[in-house]
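The values are calculated or read from the model by the stated rules, or taken from the named source; none is laboratory data. If you're wondering where the values come from, they're calculated on a predicted model, not measured in any experiment. All Cβ positions, glycine included, derive from the backbone under ideal geometry; neighbour counts span all protein chains shown.
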Amino acid sequence: MIGSRTVRALQAAAGMIVLAALWQIMSMIFPPFLFPPVPQIITRTVEVLITGSLLVDVLLTAWRIFGGLFGAFILGGVLALVIGQSRTMENYITPVLTFFQGIPALSWVVFAIIWFHGIEFRVLFIMVMTTLPAFTFQILDAFRSMSKDLFEMTMSFRPRRWTLFRFLIVPTILPGILTAWKVNLGNAARVVVVAELVGATGGVGYQLLRQQQLFDMAGAMAWTLQLVLFVLVVQQTINAIEAWVLRYRAVSERAM
Amino acid sequence: MSSEPIIRFNDVSKVFRRPDGRGDFVAVDKLSFEICKGEIVAVLGKTGCGKSTMFNIVAGLTEATSGEARVVGHDPFREFDFFRGKIGIVFQGDRLMPWRTALDNVLLGLQILDTDPTQAEATARAWLTRLGLAGHESDYPHALSGGMRQRVSIARAFAVDPEILLCDEPFSALDEMTARDLRAEFVRLVRQNNKTAVFITHQVNEAMEIGDRVLVFHRPARIAYETRLAGADEAHRHEAHDEIMKVLGAEAATAGLAAG
């Protein structure tokens, strides 16, 4: 008997196979510079992965994504705790974050190019500014959803601040933090490409720009797939961490 | 039992500001009483009569608006840290942390009090065993029944060896059979360990079964009737029961008139 996990994996694979088949049909109708054949895309993708000089660009982009997300996470966490503890601070900070949220990623790219010289700092700045509001609001939501009952119960033992943070606040906000990472990872992957397209001399975005200049669709697809693969691997890693961390949750036998 | 008061309320009032700005709401109105060391006092009153507010004042979770509340001679709200490990609370719901196993939930208070980890674990295991939960140490709360979860919360309260136990309708969500067993178990543990306990309930029978003394509250909270049941004969118990019913009935009638 096939398990539900295997069924889900097969269904996902079937969807991708249909997409690849449609692409292959298009490649038979249109010229290869518009729709290169699927095997050619796969070959180019593998080539990037096994060629050290090309893989460096993938790792550089991955490093920029993690750096930006980590910076925004730390800053967002601090802001969320400050806002969560003071209504006055909330009144000051929330409108600014909402204002930032409305600024398009491309505008931050332009600001970064005008304001800063160093490429890495520019990218880091863009990544942090575009993901900071989401991180802050998501962590704040998780903090605010903390059970009053559990808070009072814990307080009845008179914990010190750090103990309260360790035993109650961290486990309470952890599911929210993991969700925030998953959501922001996708956003960050999109933003980093824009940042690299405009102002970097390496990375997946820079390579995509080169493929566009060479009019190499197979190369563009291969580099795009690097980013997609990276996001999928990290998402799966976060899912695995989440499954382990939230193992205490009851699961209904009836599938949704 | 010594006659030294361990909990003392002197004209304590608690007034809440209504969130919609329509004036104030008096939850506790010049409440005065004393509870001595080793006593089990049942506090009885209808829902919304301010029992839980009184409970929160004793627990140091809320501050009295006026009057003097003292627990072992100290202000439970202002001298919050003084009471580390001195008060154990069994709440209405089990309030177990869902991410902690039964053992880890019992360990919580001990960890907060920086007890040596080996000793803490031995204590937590011993309390789980005493409450009939041996073999369930690694179970998460969702895998336990309501009665078992409440047993874990009792073990958590007793594990820190507090001087005072506060219980806010701890068995009200359980079926009568389970509640009766747990009540008996609770009284036995309080007596065995020589604790002082304040037991809040809205059930007359439960109050009379548990309490050495029963305090019946008016709405807002102040004492409408008080009786000592420790060592009382059947005749006194019947008389007390009738009197409590009369007071609660009069309360309900007053509330009905006010509502009407």
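Just to be sure before I move on: is residue A:113 crowded, with 16+ Cβ neighbours inside 10 Å, under 25 Å from the mean Cα position of the chain (by Cα) and more than 10 Å from chain B (Cβ to nearest Cβ) in the structure I sent? Before you say what the answer is, go through the steps one by one.
Working: crowded, with 16+ Cβ neighbours inside 10 Å: no; under 25 Å from the mean Cα position of the chain (by Cα): yes; more than 10 Å from chain B (Cβ to nearest Cβ): yes.
When the stated conditions are applied, residue A:113 does not pass them.
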| message | Can you tell me which residue is farthest from residue A:234 (Cα to Cα) among those in the range A:154-178 that are surrounded by fewer than 16 Cβ atoms within 10 Å (Cβ to Cβ) and under 31 Å from the mean Cα position of the chain (by Cα)? | response | A:162
| query | Cβ-Cβ below 7 Å, separation at least six or inter-chain, first residue in the range A:63-76 and under 23 Å from residue A:93 (Cβ atoms), second buried (at least 16 other Cβ atoms within 10 Å of the Cβ) and among the hydroxyl-bearing types (Ser, Thr, Tyr): which pairs? | reply | A:68/A:131; A:69/A:131; A:72/A:131; A:76/A:136
| When the range A:141-196 is examined, which residues are found to be within 9 Å of another protein chain (Cβ to nearest Cβ) and in a loop (DSSP other than H, G, I, E, B)? | A:147, A:156, A:157, A:158, A:159, A:160
| Just a yes or no: is a residue in the range A:39-50 surrounded by 15 or more Cβ atoms within 10 Å (Cβ to Cβ) and over 25 Å from the mean Cα position of the chain (by Cα)? | yes
| Has the range B:55-73 got at least one residue that is surrounded by fewer than 18 Cβ atoms within 10 Å (Cβ to Cβ), more than 14 Å from chain A (Cβ to nearest Cβ), over 16 Å from residue B:198 (Cα atoms) and without any contact (Cβ under 8 Å) to a residue 12 or more places away in the chain? | yes
| task | Test residue A:31 against the criterion of being in a loop (DSSP other than H, G, I, E, B) and without any contact (Cβ under 8 Å) to a residue 12 or more places away in the chain, and give yes or no. | result | yes
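This table checks each residue for (1) assigned by TED's automatic domain parsing to the domain that holds residue B:247; (2) in contact with a His (Cβ under 8 Å, 6 or more places away or on another chain); (3) surrounded by fewer than 21 Cβ atoms within 10 Å (Cβ to Cβ).
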site	(1), (2), (3)
B:12	yes, no, no
B:18	yes, no, yes
B:28	yes, no, no
B:31	yes, no, no
B:35	yes, no, no
B:40	yes, no, no
B:45	yes, yes, no
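How about the range B:53-72: which of its residues are among the small types (Gly, Ala, Ser) and under 20 Å from residue B:162 (Cα atoms)? Quick ask: steps written out before the conclusion?
So the first thing to find is which residues in the range B:53-72 are among the small types (Gly, Ala, Ser), and the list is B:59-60, B:64, B:66-67, B:69.
Answer for the range B:53-72, where residues must be among the small types (Gly, Ala, Ser) and under 20 Å from residue B:162 (Cα atoms): B:59, B:60, B:69.
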| said: Pairs please, first residue from the range A:142-153 and surrounded by 13 or more Cβ atoms within 10 Å (Cβ to Cβ), second anywhere and among the charged types (D, E, K, R) and not in a helix (DSSP H, G or I), Cβ atoms under 8 Å, 6+ apart in sequence or on different chains. | reply: A:149/B:95; A:150/B:95; A:152/B:95; A:153/B:95
| query | Which numbered condition trips up residue A:228, out of (1) surrounded by 18 or more Cβ atoms within 10 Å (Cβ to Cβ); (2) of a type in the set (A, V, I, L, M, F, W, C); (3) away from chain B (no Cβ under 14 Å); (4) farther than 21 Å from residue A:137 by Cβ? | reply | (1)
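For the structure I just gave you, tell me whether residue B:47 is within 20 Å of the chain's Cα centre (by Cα) and assigned to a helix (DSSP H, G or I). Outline the logic, then answer.
Working: within 20 Å of the chain's Cα centre (by Cα): yes; assigned to a helix (DSSP H, G or I): no.
Considered against the rule, which asks whether it is within 20 Å of the chain's Cα centre (by Cα) and assigned to a helix (DSSP H, G or I), residue B:47 comes out as no.
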| query | If you go through the range B:147-181 one residue at a time, how many are within 14 Å of chain A (Cβ to nearest Cβ) and within 25 Å of residue B:44 (Cα to Cα)? | reply | 19
| request: Could you tell me whether any residue of the range B:128-141 is aliphatic (A, V, I, L, M) and either within 12 Å of chain A (Cβ to nearest Cβ) or part of a helix (DSSP H, G or I) (or both)? | output: yes
| request: Kindly establish whether residue B:188 is within 16 Å of the chain's Cα centre (by Cα), farther than 21 Å from residue B:57 by Cα and crowded, with 18+ Cβ neighbours inside 10 Å. | output: no
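Which count do you get for residues in the range B:74-87 that are buried (at least 22 other Cβ atoms within 10 Å of the Cβ) and at the interface with chain A (Cβ under 8 Å from one of its Cβ atoms)? Spell out the reasoning first.
So in the range B:74-87, the residues buried (at least 22 other Cβ atoms within 10 Å of the Cβ) come out as B:76, B:83, B:87.
Filter again for at the interface with chain A (Cβ under 8 Å from one of its Cβ atoms), leaving B:83, B:87.
Adding up the residues that qualify gives 2.
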| query | If you take the residues of the range A:83-103 that are surrounded by 11 or more Cβ atoms within 10 Å (Cβ to Cβ) and in a loop (DSSP other than H, G, I, E, B), which of them is modelled with the lowest pLDDT? | reply | A:86
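Consider the range B:88-98. How many of its residues are out of contact with any Cys (no Cβ under 6 Å at 6 or more places or on another chain) and surrounded by 20 or more Cβ atoms within 10 Å (Cβ to Cβ)? So that I can check it myself, show each step before the final result.
Step one: of the range B:88-98, the residues out of contact with any Cys (no Cβ under 6 Å at 6 or more places or on another chain) are B:88-89, B:91-98.
When the remaining residues are screened for being surrounded by 20 or more Cβ atoms within 10 Å (Cβ to Cβ), the result is B:88-89, B:91, B:94-97.
The qualifying residues number 7.
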| note | Given (1) assigned to a helix (DSSP H, G or I); (2) touching a residue at least 60 places away in the same chain (Cβ under 8 Å); (3) in contact with a helix residue (DSSP H, G or I) (Cβ under 7 Å, 6 or more places away or on another chain), residue B:157 misses just (3)
| query | Can you tell me how many residues in the range A:197-216 are in a helix (DSSP H, G or I), of a type in the set (A, V, I, L, M, F, W, C), surrounded by fewer than 21 Cβ atoms within 10 Å (Cβ to Cβ) and in contact (Cβ under 8 Å) with a residue 40 or more places away in the chain? | reply | 1
| field | Matching entry among A:72, A:20, A:112 (being part of a helix (DSSP H, G or I) and touching a Leu at 6+ places or on another chain (Cβ under 6 Å)) | value | A:72
| Is there a residue being under 23 Å from residue A:48 (Cα atoms), of a type in the set (Val, Ile, Thr) and surrounded by 17 or more Cβ atoms within 10 Å (Cβ to Cβ) anywhere in the range A:121-134? | yes
| If we scan the range A:245-255, do we find a residue that is out of contact with any strand residue (DSSP E or B) (no Cβ under 9 Å at 6 or more places or on another chain) and assigned to a helix (DSSP H, G or I)? | yes
